[in-house]
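The values are calculated or read from the model by the stated rules, or taken from the named source; none is laboratory data. All values derive from a computational prediction rather than experimental measurement. Please note: Cβ atoms are built from the backbone with ideal geometry, for glycine as well, and neighbour counts cover all protein chains shown. In case anyone asks, the SASA skips ligands and DNA or RNA and just uses the protein heavy atoms, side chains included. Shrake-Rupley method; radii C 1.70, N 1.55, O 1.52, S 1.80 Å.
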Amino acid sequence: MREFIDQLRKNGKLVEITEPVSKVFEAPRIAKKTPGPVLFHDIDGNKAIMNVLGSRDELATMFGVDKDKIIKRLSEVSPDGEVVVVKESPTMEVIEDDVDLTKLPIMTHFEKDAGPYLTAGIVVTEYDGVMNAAIHRLLVVDKTRLAARLVAPRHSYVMHKKASDKGEKLPIAIVLGADPTVTFASTTRVPAGKEFHYAAALRGRPVELFECSNGIKVPHAEIVLEGYINPTERVDEGPFVDITGTYDLVRQEPVIHITRILHRKDPIYHGILPAGPEHLLMMGVPYEPRIFNAVSEVTTVKNVVLTEGGCCYLHAVVQIEKQTEGDGKNAIMAAFAAHTSLKHVVVVDDDIDIFDLHDVEFAIATRVKGDMDVMIIPNVRGSSLDPRGAPDGTTTKMGIDATKVLKEAQNFERAKMPE
């Protein structure tokens, strides 16, 4: 994390706030108004950073590629990098057995929030020899307890259920302020236990892990919280603002007990602004290579983007090199199959810039005939985060084939001026 912050500072992309700032509303408000990474030097005497990966420019810098090559890079990397277990870590510079979560700069973001939320914590769990690392929103209940939103049927939920069915505590560690590549990898859909291997493959060098006192192995970070998920205890979790910028439901969720805190001297806390650019990109970008690979099975795909206006989750634009007249609709169906939460998808030709929504709108305006090129799919599984969806999660999906009619290609030629 500190190396990445130094790189941002050197490139002139880091905003630094030196005056004292409150963790209740004020720091999140500043982060929302700041278009890039922002480092707070004094939140109740603590340091904190937000918007670390707040745009595709930061992602491109992290992966060492141009912005329009991010998805191709992600689609080519296999989760087979090297992971090394070491005995020492700078994370262990300070060890606190007297746990008090209120001393950390955990922020309250919006007026109806249930309380302060950890938003960038990588929850690392292990059960029956299987490891999982994933980011979950974590509500501070009191000095030693957190409420965790665990979504079925994802790995953390399944592992907790297996442990709780046997009346067992599930040991965990929560990682804050890891290498941004590691944080990104923990949001991806890779095979069970492969998140850190994927991070190593992305960064091009091994990821080092050290063992916590409860046996969980974690990467070097600014802060690590050790603890366990209680097998039976549940509390109200929410309201919380999710990717759509609207409040999610209040639910009964499992309780995490924190038993120990490890951190570096003068640690830098990492917070992700709910519904902010980093939240959207971390939620959406990992699905883009899945869509890319699925569409590549039915036609020649050039690029994919989950758009910010669609919360980087519900709307996709897929760019193809059309080979046959049915390719556009096949691409639509492949995209929906690859990302089941996807609600609307637009398929365009390779002369359309998918990062320019004016260009995408141009394609819809000039290449779409509603009765032939719009697919409506009712009563299918959608996203639980969509406020327009049904209580059981079903919705109606729409695909728009905004590609040229091949045999009439000359009618769609875009005028160019000579050099």
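Please work out which residue is modelled with the highest pLDDT, limiting yourself to the stretch 379-393 and to residues that are under 11 Å from Thr340 (Cβ atoms) and not small (Gly, Ala, Ser).
Looking at the filtered set, the residue picked out is Val380.
Identify, by number, the condition in (1) under 30 Å from Arg290 (Cβ atoms); (2) out of contact with any strand residue (DSSP E or B) (no Cβ under 7 Å at 6 or more places or on another chain) that Val83 doesn't meet.
(2)
Taking the condition of being assigned to a helix (DSSP H, G or I) and free of Cβ contacts under 8 Å to residues at least 12 places away in the same chain, how many residues in the stretch 4-15 meet it?
First, the residues of the stretch 4-15 that are assigned to a helix (DSSP H, G or I): 4-10.
With free of Cβ contacts under 8 Å to residues at least 12 places away in the same chain added as a condition, the list becomes 6, 9-10.
Selection size over the stretch 4-15: 3.
Examine the stretch 395-409 for a residue that is farther than 26 Å from Asn293 by Cα and of a type outside the set (Gly, Ala, Ser), and state whether such a residue exists.
Checked the stretch 395-409: at least one residue is farther than 26 Å from Asn293 by Cα and of a type outside the set (Gly, Ala, Ser).
Quickly run through the stretch 227-239 and pick out the residues that are surrounded by fewer than 23 Cβ atoms within 10 Å (Cβ to Cβ) and either of a type outside the set (Asp, Glu) or within 30 Å of Val86 (Cα to Cα) (or both).
Tyr228, Asn230, Pro231, Thr232, Arg234, Val235, Gly238, Pro239
Being more than 22 Å from Arg189 (Cβ to Cβ) and of a type in the set (Gly, Ala, Ser), is that true of even one residue in the stretch 341-362?
No: the stretch 341-362 contains no residue that is more than 22 Å from Arg189 (Cβ to Cβ) and of a type in the set (Gly, Ala, Ser).
Need pairs with beta-carbon distance below 7 Å; first residue on the phi > 0 side of the Ramachandran plot and within the stretch 115-138, second of a type outside the set (Phe, Trp, Tyr) and part of a strand (DSSP E or B); sequence gap 6+ or separate chains.
Gly115/Thr108; Gly115/Leu139; Gly115/Val140
For residues that are outside any loop (DSSP other than H, G, I, E, B) and either farther than 17 Å from Val158 by Cα or of a type in the set (A, V, I, L, M) (or both), tally how many sit in the stretch 235-256.
Qualifying residue count for the region: 8.
List the strands (runs of 3 or more DSSP E) inside the stretch 38-110, counting only whole elements, that have at least 3 residues being open to solvent by less than 60 Å² (accessible area, probe 1.4 Å) and at negative phi. Break it down stepwise before answering.
Working: elements: 38-43, 46-50, 83-85, 94-96.
Ranges flagged: 38-43, 46-50.
Each row is one residue, and each column tells you yes or no for (1) assigned to a helix (DSSP H, G or I); (2) surrounded by 15 or more Cβ atoms within 10 Å (Cβ to Cβ).
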| site | (1), (2) |
| --- | --- |
| Val305 | no, yes |
| Glu308 | no, yes |
| Val318 | no, yes |
| Asn330 | yes, yes |
| Leu342 | no, yes |
| Ala365 | yes, no |
| Met375 | no, yes |
| Leu385 | no, yes |
| Lys404 | no, yes |
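Given (1) in a strand (DSSP E or B); (2) out of contact with any Pro (no Cβ under 7 Å at 6 or more places or on another chain); (3) crowded, with 19+ Cβ neighbours inside 10 Å, identify the lone condition not met by Ile223.
It fails just one condition, (2).
What are the residue pairs meeting all of these: first residue in the stretch 66-87, first residue touching a residue at least 40 places away in the same chain (Cβ under 8 Å), second residue part of a loop (DSSP other than H, G, I, E, B) and among the β-branched types (Val, Ile, Thr), Cβ atoms under 6 Å, and 6 or more apart or on different chains?
Every condition considered, the pairs that remain are Pro79/Val190.
State which residue is surrounded by the fewest Cβ atoms within 10 Å (Cβ to Cβ) when the search covers only the stretch 205-218 and only residues that are farther than 19 Å from Tyr127 by Cβ and not acidic (Asp, Glu).
Arg205
Of all the residues that make up the stretch 111-142, how many are open to solvent by less than 30 Å² (accessible area, probe 1.4 Å) and within 21 Å of Val218 (Cα to Cα)?
The number of residues fulfilling the criteria is 15.
Among all residue pairs at least 6 apart or on different chains, which show Cβ distances below 7 Å where the first residue, located in the stretch 251-280, is open to solvent by 20 Å² or more (accessible area, probe 1.4 Å) and the second is of a type in the set (Phe, Trp, Tyr)?
The qualifying pairs are His257/Tyr228.
Of everything in the stretch 16-37 that's open to solvent by 60 Å² or more (accessible area, probe 1.4 Å) and part of a strand (DSSP E or B), which residue is farthest from Gly115 (Cα to Cα)?
Looking at the filtered set, the residue picked out is Glu16.
Output the helices (runs of 4 or more DSSP H) that fall wholly within the stretch 152-204 and possess 2 or more residues being open to solvent by 40 Å² or more (accessible area, probe 1.4 Å), or say none. Give the derivation first.
Numbers: elements: 155-165, 180-185, 195-203.
The qualifying helices (runs of 4 or more DSSP H) are 155-165, 195-203.
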